[in-house]
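> This is the structure, below, for whatever I ask next.
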Amino acid sequence: GDPRYLPRELLLEDFSHLPMADVFSLGATVLEMAVGESLPGSGPAWQALRDGALPTDRLAHCGEQLKSVLRWMMHPNVAQRPTADELLRHPLFRSEVEAELHRERLIASGLQEKLAQVLRDKGG
């Protein structure tokens, strides 16, 4: 693969976490689209990206949620990167219907807790 999108562990021939390497690569691709120019293929800027230093000056036009997700996806520690399922559950990737359903579930859960407390208070 192109080293601009590869995490450090793959270049060190550690293939034990390939799905997390894919998450890093996807993050690098999104980062490249967000900054509007090719990512470095080597050198200090390449190393900085793999150390978790995103070019925040080039991401000033992006929302905090996107920047946070990019930091998560490109985390230097492979164990700290999200799985694909975790990414899909993140609010950034939810459709409006899914987001509304999630909000309604939170409300319902809160109401259930309040009802349970009222019933406990009346019974005891």
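The values are calculated or read from the model by the stated rules, or taken from the named source; none is laboratory data. Note that the coordinates shown come from a computational prediction; the quantities given were computed from them, not determined experimentally. Cβ sites come from the backbone with ideal geometry, for glycine too, and all protein chains shown count toward neighbours. The area values use the complete protein model at the heavy-atom level, side chains included, leaving out ligands, DNA and RNA. Shrake-Rupley method; radii C 1.70, N 1.55, O 1.52, S 1.80 Å.
> Loop-only trypsin sites (Lys or Arg not before Pro) in the range 35-124, please: DSSP not H, G, I, E or B, and at most 14 other Cβ atoms within 10 Å.
In loop regions of the range 35-124 (DSSP not H, G, I, E or B), the sparsely surrounded trypsin sites (Lys or Arg not before Pro) are R94.
> In whole Hz, what ³J(HN,Hα) sequence does the range 48-61 give by Karplus (6.51, -1.76, 1.60; θ = phi - 60°), x for Gly and Pro?
4, 4, 6, 8, x, 8, 7, x, 4, 5, 7, 10, 4, 7
> When the convex hull of the Cα atoms of the range 41-85 is projected onto a plane and the area is averaged over all directions, what value comes out in nm²? Walk me through the numbers on the way to the answer.
On the way: hull surface 15.0 nm².
Over every viewing direction, the Cα hull of the range 41-85 projects on average to 3.7 nm².
> Calculate, for the chain, the solvent-accessible area per residue in square angstrom, rolling a 1.4 angstrom probe over the heavy atoms of the protein chains.
Roughly 65 Å² per residue, with all protein chains present.
> Take every Cα pair under 8 Å in the chain that's 6+ residues apart, average their separations, divide by the length, and report that relative contact order as a whole percent.
25 percent
> Using the alpha carbons of the chain, what is the convex hull volume per residue in cubic angstrom, as a whole number?
Hull volume normalised by residue count: 150 Å³.
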